[in-house]
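To start, the structure under review is shown below, and the notes come after it.
No lab work stands behind these numbers, since they all come straight from the coordinates. Only a predicted model underlies this, so the values are computations on that prediction, with no experimental measurement involved. Every residue, glycine among them, receives a Cβ derived from its backbone with ideal geometry; neighbour counts consider all protein chains shown.
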Amino acid sequence: MEPSGAPRLTATQQEQLRVEQRVFDTYRVLSDVSPHTQSLILELWRDKHMEFLTRGLRLLGPSYHVLDANRPWICYWILQSIALLEETVDLQLENDIVDFLYRCQDTDGGYGGGPGQLAHLATTYAAVNSLITLGGEKALSSINREKMHAFLLRMKHPSGAFRMHEAGEMDVRACYTAVSVASILNILDAELVQNVGDYILSCQTFEGGIAGEPGSEAHGGYTFCGLAAMILINRVELLDLPALLDWVAFRQGVECGFQGRVNKLVDGCYSFWQGGALLLLQRLSLSVEEQLKVSYFGREKEMRSGHDSATSNLHEGERPDAGLRPGRELSNIKLNDIGFSFLEGETACGPLFHSIALQQYILLCSQVLEGGFKDKPGKHRDFYHTCYCLSGLSVCQYCRSEDFGESPPPSGILGPYANLLEPIHPLFNVVLDRYYEAHSFFTGPS
Amino acid sequence: MDSDEDERVPFSRRPEWSDVNPVPQDDGPNPVVAIAYKDDFRETMDYFRAIYQSDERSPRALQLTTETIRMNPGNYTVWHFRRLVLEEINADLHEELDFVAHVAEGNPKNYQIWHHRRWVSEKLGTKAASVELQFTKKILALDAKNYHAWSHRLWVLETLGGWEDELEYCDKLLEDDIFNNSAWNQRYFIMTRSPVLGGLQAVRDSEVSYTVKAILSNPPNESPWRYLRGLYKGDHKLLVTDTKVSSLCLEVLKIDPNCVFALSLLLDLLCYGFEPSGEFTSLIGGLKHSSGDTLDAKFANTICCVLERVDPMRANYWAWRRSKLPTEVY
Ligand SMILES: [Zn+2]
């Protein structure tokens, strides 16, 4: 029993209260000012962001040595941010980036964290997305797709999962980056996909979200990766989608932003990982609904089994219809078309989260007046959070559009309409028109 | 603290390295995302590249990777090469664990050290179990939610064993902080995988009691609510028929009629076929009244309406759920 007086707060509660205090202080300013000032406060500081981003593209201070094995990531974070802001880099710089990433490409396929480094799936994803974001013949043709396919196969483990690099760690992140790269380069095939679905399914936890490895805790980053990968390999319906939706929906807190795990602190980068997952689920709402209805009144037993038994007995191919969306024929689905057809058709339901609240968190709590974005008040800006806050902002702005990338209604945008960013392809997180360009480039004339 | 960093002698002035030609990084004529390396970082990497390219797996190569990793523990290529060297020279792996522990102190959230640790302890086998459990415990004492440390700990338990004291440890963590979701996840892992407990079915009753107690002491804590559902995973029928679950909802809602977790669990119970009676009917009747819902509306519908109001952040989600309610529901 508690001693008399106020109960002692746990570490989690204390940290949470501290952050809430800071966030609410920030919001209080907003409620105290005129609508005109409000609009000013809610502005996206485009010029400042561009300044911060373009500077980093050339030269970084000595403290960046800790990211010396992540340089394609720095390229991607910056280029994706610039593309979202509807800006471009000058031609010379563009050529230099293509040249640099070419130096990171391993002669046996894939990209490393810098010239001469071992090929790594995460930096491969970053390099490929960077080149697609730059666009154009030179950038896109610099990717050796044949070698890439061989590299991806080498990273594949018999369990179905992928390793990050030769003899490296295996997790859901590796599965996503491998599948994303293969899909966007039009080299995804049955061999690469085999058993990936079973592995990701084994990472969905009792909480509803997806963990990095079987048994670990449900986590926003892995949940996005797992869900997007499952969609791209046409296996999304193996997941317990209502449980997944419930878990992600509950990650948006009173601070208006998203947390990465239950009872953890809000963080701007989850605007994309969780917000993006909710956008994916919004597109999949018919499948979620289908599963929800099956679960009603104990009908779940005969229709689908719990995940423990499913993972041990299930093999790809035994349930050929498992990944089908209602009304689609299996024979009509070609693996490499999934990313493209995901964009087709209207969205069957509205946003499943509070998109205005999330914009408020991004603009007021994550945006840094000197340019760039940060995790939360009290933290420093960085390129990673800039990329994922802006990506999340774009997700918020377009989640009310019925057709993908269609200009959203002004009511969907917090702050001036000029805050509107470019729309993204949510499965790959590249700007939509760059995706289309890459898609036609890699699928070739047919 | 290390003193060797202050007194660092450049490789170019170390006689034992005089036979090696450093290899500069090939960044091209117009580098991008170029890092303004400090001299010692650049030089160390230049020597690393030389040794890596010549694939020299020697004791001095091991020493070189030590220095390189201390400067940037995120360089997976260096770690990978270090493993090749360790194998080649048959290094003492216990010493290796000390090295990793030292690096981990300053960088507990780095992927590479944990992967390396796994590699080393796998080689050492079951005798490494207690050291590894001790090591993760130490890291978790500084940050009880360190994701990598938890993943490593799960791997150790499953691969090398050491389950005996795990539940006690987990109890202690939850005692310290009942909001620690990582500890709840660990608890689920123990209940479902520990060979000494006999599986979920065997522990369900006692775990439900434990969880109910945790919820009643702190209803706004999401972790035990999700854990409770987890205890019935894959068996909605049992969730609906076990009166401990429905009475918990009732009890919590009597104290706080707006408790989102109780309302959402009750909503799911109704959707799975729960037939409310007695006290439930009057409780939901009261909610109906406060939500301004029409009297003939179904209970599940009413709960969605209440949730849309008391949980505005998820109003869209609850509205969507409301639009998908089955017709047979109460
Ligand atoms: Zn973050």
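Observations on the structure shown:
- Span-like helix ranges in chain A, DSSP H, alpha carbon extent 24 angstrom or more, Kyte mean at least -1.0: A:11-31
- Other protein chain Cβ atoms within 10 Å, averaged over every residue that makes up B:312-324: 6
- Highest-fluctuation residue, B:ALA36, B:ALA149, B:ALA50 considered, GNM on chain B with Cα pairs under 10 Å: B:ALA36
- Dipole of the protein assembly as shown, positive end: most advanced residue of A:TYR102, B:PRO195, B:ILE178 [Cβ charges, Cα centre]: B:ILE178
- Peptides B:278-285, B:16-23, B:180-187, A:274-281 ordered by average Cβ neighbours within 10 Å, highest first: A:274-281, B:180-187, B:278-285, B:16-23
- Relative contact order of chain B, defined on C-alpha pairs under 8 angstrom at six or more residues apart (%): 8 percent
- Dipole-positive endmost among A:ILE413, A:CYS365, A:LEU427 within the range A:351-446 (Cβ charges, Cα centre): A:CYS365
- Separation of alpha-carbon centers, the range B:252-330 and the range A:248-267, rounded to whole Å: 23 Å
- Over the range B:20-93: Rg over Rh, Cα atoms, Kirkwood Rh: 1.00
- Around B:MET313: net Lys/Arg minus Asp/Glu count, Cβ-Cβ under 15 Å: -2
- Highest mean packing first, where packing is the average number of other Cβ atoms within 10 Å per residue, the peptides B:28-35, A:60-67 line up as B:28-35, A:60-67.
- Label point of B:SER290 set 7 angstrom out along Cα-Cβ; within the range B:304-329, amide nitrogens under 18 Å from it belong to B:304-315.
- Per residue of peptide A:114-122, the mean number of Cβ atoms on other chains within 10 Å of the residue Cβ is 5.
- Label separation (B:THR241 vs A:LEU17): 4.5 nm, computed from points 7 Å beyond Cα along the C-beta direction.
- In this Cβ point-charge picture (+1 for Lys and Arg, -1 for Asp and Glu), the range B:231-314 has a dipole of about 100 debye about its Cα centre.
- Taking each DSSP H run with n ≥ 4 as -39500 (n - 2.57) and averaging over every residue of chain B yields -20500 deg cm²/dmol at 222 nm.
- The GluC sites (Glu not before Pro) found in the range B:192-260 include none that occupy coil by DSSP while having at most 13 further C-beta atoms within 10 Å.
- If you run the Gaussian network model on chain A, springs between alpha carbon atoms under 10 Å, then out of A:ALA182, A:ALA348, A:ALA126 the most flexible one is A:ALA348.
- Here the Gaussian network model covers chain A, with springs between Cα atoms less than 10 Å apart; of A:VAL248, A:VAL431, A:VAL89, A:VAL89 fluctuates the most.
- Cα centroid of the range A:38-63 to Cα centroid of the range A:376-446, whole Å: 17 Å
- The fewest-to-most ranking of B:ARG226, A:ARG28 by surrounding Cβ atoms within 10 Å reads A:ARG28, B:ARG226.
- The residue among A:SER159, A:ILE187, A:GLY208 whose Cα reaches farthest toward the positive pole of the charge dipole of the range A:149-218, with charges on the beta-carbon of Lys, Arg, Asp and Glu, is A:ILE187.
- Semi-axis lengths (Å, descending) of the ellipsoid that matches the C-alpha gyration tensor of the range B:140-263: 27, 18, 11
- Inter-label distance, nm, simple model (7 Å from Cα along the C-beta direction), B:VAL196/A:GLU51: 6.1 nm
- Once the gyration tensor of the Cα atoms in chain A is diagonalised, the equivalent ellipsoid follows with semi-axes of 32, 30, 22 Å, ordered largest first.
- Rounded to the nearest 20, the Cβ-based charge dipole of chain A about its Cα centre (Lys and Arg +1, Asp and Glu -1) stands at 640 debye.
- The protein assembly as shown shape via C-alpha gyration tensor axes, a/c threshold 1.5: prolate
- Proportion of all alpha-carbon pairs of the range A:3-146 beyond 17 Å (%): 70 percent
- Using only side-chain charges placed at the Cβ, +1 for Lys and Arg and -1 for Asp and Glu, the dipole size of the protein assembly as shown relative to its Cα centre rounds to 1040 debye.
- Distance from the range B:139-166 to the range B:58-91 (C-alpha centre basis), Å: 25 Å
- Taking 28 Å as the limit for the C-alpha separation, the pairs B:LYS145/B:LYS254; A:LYS334/B:LYS237; A:LYS293/B:LYS233; A:LYS48/A:LYS138; A:LYS156/B:LYS145 exceed it in the case of B:LYS145/B:LYS254; A:LYS334/B:LYS237; A:LYS48/A:LYS138; A:LYS156/B:LYS145.
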